[in-house]
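To start, the structure itself, in structure tokens.
The values are calculated or read from the model by the stated rules, or taken from the named source; none is laboratory data. Quick caveat, the model's predicted, so the values are computed rather than measured. Positions of Cβ are generated from backbone atoms using ideal geometry, with glycine treated the same way; all protein chains shown enter the neighbour counts. For accessibility, only protein heavy atoms count, side chains too; no ligands or nucleic acids. Shrake-Rupley method; radii C 1.70, N 1.55, O 1.52, S 1.80 Å.
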Amino acid sequence: MNPFPMLLEESLINTKHVECAAILVAKTGDVTAASNFTVCPEQTRIFIDSFKQLNVTREKGLNFRNKLYTCVRADKHSIYTKCEGHGLILVRTALYVIVATYSQSMYPSVCVEAVEKLAEYLREKGK
């Protein structure tokens, strides 16, 4: 049984500060779980590649859902972006990339904290 859908619901969606989320396999971009989120293969490749091109990500941001998200933070583990009160958070572990969004009515800091905690949990489990 795939534990990731339950992890997304319990650790991210249930905070009420994560609008939608997905867990991608870092090497292939395959979606292992998604909640309220449909991710096309081209978008998963952009998410994965953004960690390989941090300078470009910092300078140009990320295109997501036909909008340009400005980069707020980008390092080898985390990328935070925002656009008109909405946000896109990417956090990488050894095997996965966690993707989460928040809307205007949500607190960005709660979304970031929840995603980072899930990533820390996955790192502890060797994932």
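Identify, please: which residue in the range 85-127 is modelled with pLDDT of 95 or more and of a type in the set (D, E) and is, among those, surrounded by the most Cβ atoms within 10 Å (Cβ to Cβ)?
E116
Just checking, how many residues over the range 52-84 are open to solvent by less than 70 Å² (accessible area, probe 1.4 Å), among the β-branched types (V, I, T) and in contact with a Gly (Cβ under 8 Å, 6 or more places away or on another chain)?
Of the residues in that region, 1 qualify.
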